[in-house]
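K.L.:
The structure is given below, and queries will be raised subsequently.
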Amino acid sequence: MQYDFTDLRLFLHVVAEGSITGGAARANLSLPSASARVRALERHAGVELLVRERRGVRTTPAGRALARHAREVLDRAARLDGAIASYSRPASAPLSLLAGSSAMHDLVPRAVTAFLLARPHSDVDVTLRRSVETARTLADGRADLGIVLDHVAAGQGLRAEPLCDDSLVVVGAGHGVLDGRDTIAFAEAAEHPMVGLAASSPLQLSLDAQAADAGLAPRYRTRAADLGTVVALAEAGAGIAVVPRRAAAVPARAGRLQVVALGEPWARRRLSLCRGAALEPSSPGWPAVLALAEHIHAVSVTAEG
C-alpha cells in the first residue's frame with residue numbers, strides 16, 4: 001500500500017480535532033475535499049477508520065493504529081527533509097573566530113549559539129588561540145574576527161571594539177589562605193598548591209610566562225580543560241587558582257568561593273573584538289561578520305554586568 005502524506009496529515013488533524021470539519025480547517029482544505037480524502041483513505045486501507053457520530057468522529061481500532069504509525073512516518077519524513085536540506089544550503093566558507101581561554105568561557109559559546117540560531121545558513125569555525133597569535137592572524141587577513149586583550153590589539157595596530165573586563169583574580173575554598181584578603185601578589189599565591197588549565201591553553205601559557213619571568217615555580221596539583229572546572233576544583237579545596245573574574249562570578253557560589261584580586265598590574269586587563277584586515281564592506285561575508293560581531297557585543301554587555 002502507498003499512503004499520501006497530505007492524507008496522513010489530514011487524518012491526524014481530524015483525530016486531534018474530533019471532527020472532519022475541524023481537521024479540514026487545520027489542513028486548509030474545504031470540507032468536501034477533506035471528506036473525500038478521508039473516504040478514499042478508508043477505501044485504500046480496506047477498513048473503517050472513523051466512526052461518524054452526530055457531534056463528530058472517533059477512531060476505530062484500525063484508525064488508532066493508523067494514527068500512531070502516521071505520526072512516526074511523518075516525523076521520519078521531516079527528519080529526512082532536514083537532513084537533505086542541510087546539503088542544499090548556499091556553498092560558502094564558514095566565518096573564522098579566534099579567541100583565548102577566557103573568552104571561550106561563556107562569552108564565545110553564548111554568542112556563537114545565538115548567531116547560529118539566528119542565521120541557519122551561516123557556519124562558524126571557532127579556534128582557541130593566544131591573543132598575540134590571534135592579533136597576528138587578523139593583521140595578516142587570515143581570520144574574520146578575533147577576541148584579544150586590548151593592549152595586544154593596540155600593539156598590532158588593529159581597530160579594537162571594547163568588550164568587557166577580563167581582570168584576573170585568585171580563587172580558593174572558603175576559610176582558606178585567601179580569608180580576609182582583598183588582594184594577593186602572584187608570588188605569594190604561587191607559594192600555595194594551585195589548580196591550573198591545561199599547559200597548552202592560552203591563559204595558562206601567559207601565567208607560566210609570568211611565573212618564569214618572576215623566577216617562580218608554582219606547584220599545580222591538577223589541571224583541567226576549562227575554567228569552569230578549574231573554579232570548581234578550587235572551590236572544593238584542591239588548590240587556589242588564577243582565573244578571570246567573570247569565571248568566578250557565579251551566584252550559586254557566593255559565600256563558598258573566596259575571590260581575591262591579583263595584585264599585579266598585568267592582571268588588570270580587558271577584552272576587545274577585532275576584525276581581520278582583509279575584510280571590506282564589499283566582501284561576500286561582510287553581513288554575516290557584522291551579525292556575529294553584534295552577537296558578541298550583546299553577550300559581552302551581560303558579561304560586564
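K.L.:
For a Förster distance of 30 Å, can you work out the FRET efficiency between the beta-carbons of H69 and S30, rounded to the nearest 0.05? Don't skip to the end; give the middle numbers.
P.N.:
Numbers: r = 27 Å, r/R0 = 0.89.
It comes out at approximately 0.65.
K.L.:
Suppose R0 equals 25 Å; then what is the FRET efficiency for A291 and D140 from their Cβ-Cβ distance, rounded to the nearest 0.05?
P.N.:
The formula returns an efficiency of 0.60 here.
K.L.:
Over the Cα atoms of the range 133-286, what radius of gyration and what Dmax do you get, in Å?
P.N.:
Calculated on Cα positions, Rg and Dmax stand at 17.4, 58 Å.
K.L.:
Select one label from (i) 88, 53, 31; (ii) 70, 48, 37; (iii) 55, 39, 36: the one whose number is Cα extents along the principal axes in Å as derived from the coordinates shown.
P.N.:
It is the value labelled (i).
K.L.:
Compute the helix-to-body angle for 107-118: its Cα long axis versus the longest principal axis of the chain, expressed 0 to 90° and rounded to tens.
P.N.:
Computed tilt is about 20 degrees.
K.L.:
Moving to a separate point now. Given the C-alpha atoms of the range 41-156, compute the convex hull and give its volume per residue in Å³. Show your work: numbers first, answer last.
P.N.:
Details: hull volume 19.8 nm³, N = 116.
In the range 41-156, the Cα hull volume divided by residue count equals 171 Å³.
K.L.:
Could you pull out every residue, at least 5 positions away or on a different chain, whose amide H is within less than 5 Å of the one on C164? Hs are placed 1.01 Å off N in the peptide plane, and Pro or chain starts have none.
P.N.:
Long-range HN contacts for C164: L271.
K.L.:
Let me ask another. If you place +1 on the Cβ of every Lys and Arg and -1 on the Cβ of every Asp and Glu, how big does the dipole about the Cα centre of the range 15-174 come out, in debye to the nearest 20? Don't skip to the end; give the middle numbers.
P.N.:
Numbers: 21 positive and 17 negative charges, 265 e Å.
That gives a dipole near 1280 debye.
K.L.:
Mind checking the angle between helix 5-17 and the chain's longest principal axis? C-alpha axes, 0 to 90 degrees, to the nearest 10.
P.N.:
With both axes taken from Cα atoms, the answer is about 90 degrees.
K.L.:
Can you tell me the orientation of helix 227-236 relative to the chain, as the angle in degrees between its alpha-carbon axis and the longest Cα principal axis, to the nearest 10?
P.N.:
Helix 227-236 sits roughly 70 degrees off the main axis of the chain.
K.L.:
A further question on this structure: Express in nm, to one decimal, how much length is gained between T229 and R76 on full extension, taking 0.36 nm for each residue of separation and deducting their alpha carbon distance. Spell out each step's value before the answer.
P.N.:
Details: separation 153, 0.36 × 153 = 55.08 nm, distance 3.87 nm.
Here the answer is 51.2 nm.
K.L.:
Give, rounded to the nearest 20 debye, the magnitude of the charge dipole that the chain has about its Cα centre when Lys and Arg contribute +1 at Cβ and Asp and Glu contribute -1 at Cβ. Walk me through the numbers before you get to the answer.
P.N.:
Details: 34 positive and 31 negative charges, 296 e Å.
Rounded to the nearest 20 debye, it is 1420 debye.
Bear in mind that the values in this text are calculations on the coordinates, not laboratory data. Being a predicted model, the structure only gives us computed values, none of them experimental. Cβ atoms come from the backbone with ideal geometry, glycine included; neighbour counts cover every protein chain shown.
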